[in-house]
Amino acid sequence: MTTGPLPWRNAWTEALYAERGFFRTSRPADHFRTSVHVGAFAGAIAELVRRADARRVHDVGAGGGELLRALHELLPGVQLVGVELAERPSDLPDAIEWEEELPQVMDDFVIANEWLDNVPCDVVEVDDAGVVRKVLVHPATGEETLGDAYSLQWLDTWWPLTEPGQRAEVGLMRDGAWNDVVSRVRGITIAIDYGHTRDDRPPFGTLRSYADGREVDVVPDGSRDITAHVAVDSVAATVGATLIRQRDALAQLGLDASRPPLDLAHSDPSAYVRGLAAAGEAGELMARGGLGDFWWLVTDTLGHGRLTS
Ligand SMILES: C[S@@+](CC[C@H](N)C(=O)[O-])C[C@H]1O[C@@H](n2cnc3c(N)ncnc32)[C@H](O)[C@@H]1O
């Protein structure tokens, strides 16, 4: 690994995706929990796949294949493909295909949960004289310095910086990455991620690291995740996506976080227990201040998606 200070985008790319990078050597599920680890999420995605009458599903950034394993049970007859640069999990059912690179053409349904937040970006900061500069980072320590002046139309349009100390993660790289995915798809494409819009940009950015289930110092040394929230309005404008909060999308797909009626506990105790468990999962996936705040970016070239903002 390189040792000198590097622009954040280079250090981030090395840390996650180089030969000994974080996602090459460990599974996301060993370090953090995402929606795909909550059973009801796959049920909602399966419902959308059925409504779209899709025959094939690609999961981009499939991690350990958690979502695909669940869909395998729920959607017999639908072809399932993981696109993931980490190795195929050895215990994945044979029927699930596994590709290291994005196929040239993907139909009919593509989902990418918590993928865009891991697309490395330039990180910039306003110096004491008011000049926007590229932030450089030492990969082994996370120590930062400011590099050359940085100017980009994307910043002026989507994330204007004015005050010394303000920072941004430049979303142009995410716009390009998602445009590349969407341009290969005939059907529905959904990116799901935490993010912000022009109305609520975080003044100091959101660069974070996670390892072993907790937040740790941000160091691009390959031992931890490096992530930043997605400027979802910019990505949506680039690809013409509809933006929907996860809680609203899941409600449209039939998830309900309300508890089952108490009299069910007497008339059908096991149905009551199942209802309680389902409500608990829906509650986690739809929570304000939690997974419910996530954004779904939905494009639908065939008009089958039937999700509204
Ligand atoms: C945060 S994890 C999300 C995993 C899973 N979708 C989930 O929700 O738990 C991001 C995953 O995307 C994969 N990934 C990132 N860039 C990729 C690329 N260009 N091609 C394939 N996989 C990629 C990483 O290896 C990692 O497993």
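The values are calculated or read from the model by the stated rules, or taken from the named source; none is laboratory data. All figures in this text were calculated on a predicted structure; none of them were measured in a lab. All Cβ positions, even for glycine, are placed from backbone atoms using ideal geometry, and neighbour counts span all protein chains on display. Ligands, DNA and RNA are excluded from the accessible area calculation, which covers all protein heavy atoms including side chains. Shrake-Rupley method; radii C 1.70, N 1.55, O 1.52, S 1.80 Å.
Select from the stretch 18-48 the residues that are assigned to a helix (DSSP H, G or I) and open to solvent by 60 Å² or more (accessible area, probe 1.4 Å) and list them in ascending order. Talk me through it step by step, then tell me what you get.
Step one: filter the stretch 18-48 for residues assigned to a helix (DSSP H, G or I), giving 22-25, 28-30, 35-37, 39-48.
Of everything in the stretch 18-48, those that are assigned to a helix (DSSP H, G or I) and open to solvent by 60 Å² or more (accessible area, probe 1.4 Å) turn out to be ARG24, THR25, ASP30.
Filtering the stretch 82-106 down to residues that are β-branched (Val, Ile, Thr) and farther than 30 Å from HIS196 by Cβ, which residue is farthest from the ligand (Cβ to nearest atom)? Steps first, please.
Keep residues of the stretch 82-106 that are β-branched (Val, Ile, Thr), which gives 83, 96, 105.
This time we only want the ones that are farther than 30 Å from HIS196 by Cβ, so: 96, 105.
Working: ILE96: 14, VAL105: 16 Å.
Here the answer is VAL105.
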One residue from PHE32, PHE109, PHE41 being touching a residue at least 60 places away in the same chain (Cβ under 8 Å) and more than 10 Å from the ligand (Cβ to nearest atom): PHE109
Quick test for you: out of VAL182, VAL219, pick the one residue that is touching a helix residue (DSSP H, G or I) at 6+ places or on another chain (Cβ under 7 Å) and either modelled with pLDDT of 95 or more or of a type outside the set (A, V, I, L, M) (or both). VAL182
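Can you find a residue in the stretch 60-71 that is more than 15 Å from the ligand (Cβ to nearest atom) and either modelled with pLDDT of 95 or more or farther than 19 Å from TRP12 by Cβ (or both)?
Here is the first cut: in the stretch 60-71, the ones more than 15 Å from the ligand (Cβ to nearest atom) are none.
Within the stretch 60-71, none of the residues are more than 15 Å from the ligand (Cβ to nearest atom) and either modelled with pLDDT of 95 or more or farther than 19 Å from TRP12 by Cβ (or both).
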When (1) more than 16 Å from the ligand (Cβ to nearest atom); (2) closer than 26 Å to ILE226 by Cβ; (3) among the polar types (S, T, N, Q) are applied to GLN79, the one that fails is (2)
Of the conditions (1) surrounded by 14 or more Cβ atoms within 10 Å (Cβ to Cβ); (2) under 30 Å from SER183 (Cβ atoms), the single one that GLY303 does not satisfy is (1)
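Can we say ALA265 is surrounded by 14 or more Cβ atoms within 10 Å (Cβ to Cβ), out of contact with any Lys or Arg (no Cβ under 7 Å at 6 or more places or on another chain) and either closer than 24 Å to ALA112 by Cα or touching a residue at least 24 places away in the same chain (Cβ under 8 Å) (or both)?
no
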